[in-house]
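The values are calculated or read from the model by the stated rules, or taken from the named source; none is laboratory data. Keep in mind it's a predicted model, so treat the numbers as computed, not measured. Neighbour counts run over all protein chains shown; Cβ positions are idealised from the backbone, glycine included. All accessible areas refer to the heavy atoms of the entire protein, side chains included, with ligands and DNA or RNA removed. Shrake-Rupley method; radii C 1.70, N 1.55, O 1.52, S 1.80 Å.
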Amino acid sequence: MFITIEEGNYKICPFLEKNQGKNTEFLSISTYEEMEGRANTWGISMKILEEARRFGYAKYDSFENFDCISLEMPDFKKVMISFGSVIIYLEKGRAFFFTSQKERVMELLEESAKSLGEKISLNRIIYLFFEAQTREDYQVFDSLEKEIMDLEQALITSQKHNCVADIISLRKRLMFLKRYYEQYLNVLDILGENENSIFDGKTLRSFKMLNRRTERRFQSVLNLRDSVTQVRESYEAEVDISLNSTMKVFTVVTTIFLPLTLIVGWYGMNFTMPEYDWKYGYATVIIISILFIIGGIYFFKKNKWF
């Protein structure tokens, strides 16, 4: 599939017509299965394209007279899941898109072309395609921020006692976003250098604005990570306090019954004691034990130790 651009107009056609004008720019959209055939037809290095498929989230390679870009198309409604990947082979006046999601790429490019009206150009379409990759990212930030606040509120009000799974899930999603924005920013930085003079000045200014906006998003990810860290620390503090309270109760109980343990050990010795022959000896030991318990409880209550 091709999109040809000439004198501010664009046309979608299944193949490139031979009688194209000298000023005609075009976009080619192909699947990965069609990549080899398209590369052979237009003299594109398959080695470079294959290497571009082995990337993380975003990668930009600048060669002599052409650039090769790899992009993951994230689904910000479902973090850690993407719509698919795309490789963009750029030369001055023409661009080749190879993707696992041809319909989505075609839809985004056509939507970009329509939105430009009379100002349509290859550079502007490519910029809008890049801009569309993070157009809906505000949704995930609002969602994550609300989730963190709700989790923090649940911890404060003791509505939730086990938050490990929630904290791990938040950290995984934020790690995904952090890695994506890091690599996406690298692509925008290299793209802004424009080594092969593919983009005009106006488009480069637009990319610089997109770069600044992406940097703010990246900083938001870092801030959210800090918030999750604070929630985790609060949770760990709550666990420590709960554990300390439990240990405090055990310590108090052990201290109260310590004198009784002494009495048991004392009278458990294999010696003859005078009170063995006293008829009130057994009752006296019981009363003394009860007094020890009452006295210990009173002492600890008075000092507010439990």
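With semi-axes √(5λ) of the Cα gyration tensor in Å as the read-out, I listed (1) 26, 22, 19; (2) 34, 21, 17; (3) 76, 18, 14; which label goes with the value calculated from this structure?
(3)
In whole percent, and with a 1.4 Å probe on the protein chains, what portion of the accessible area of the stretch 2-239 is carbon and sulfur?
C and S fraction of accessible area: 46 percent.
Can you tell me the orientation of helix 281-302 relative to the chain, as the angle in degrees between its alpha-carbon axis and the longest Cα principal axis, to the nearest 10?
Once rounded, the angle reads 40 degrees.
What FRET efficiency comes out for LYS47 versus LYS92 if R0 is 22 angstrom and r is the Cβ-Cβ distance? Round to the nearest 0.05. Mind dumping the intermediate values first?
Details: r = 22 Å, r/R0 = 1.00.
Efficiency at R0 = 22 Å is approximately 0.50.
Give me the dipole magnitude in Debye, nearest 20, for the chain about the Cα centre, with unit charges on the beta carbon: positive for Lys and Arg, negative for Asp and Glu. Let's see the in-between values first.
Numbers: 39 positive and 42 negative charges, 159 e Å.
Here the size comes out at about 760 debye.
Keeping every protein chain present and rolling a 1.4 Å probe, give me the accessible area per residue for the stretch 2-239 in Å².
That works out to 53 Å² per residue.
7 Å from Cα along Cα→Cβ at both GLU215 and VAL164: what's the point-to-point distance in nm?
4.1
Relative to the longest principal axis of the chain, what angle (0 to 90°, nearest 10) does the C-alpha long axis of helix 201-267 take?
Tilt of helix 201-267: around 10 degrees.
Starting from the Cα-Cα distance between GLN101 and THR31, subtract it from 0.36 nm times their residue separation and give me the gain in nm to one decimal.
Working: separation 70, 0.36 × 70 = 25.20 nm, distance 0.73 nm.
Contour length minus the Cα-Cα distance gives 24.5 nm.
Beyond a 20 Å Cα-Cα separation, which of these cross-linked pairs lie in this structure: LYS59/LYS146; LYS248/LYS301; LYS146/LYS208?
Over 20 Å apart, Cα to Cα: LYS59/LYS146; LYS146/LYS208.
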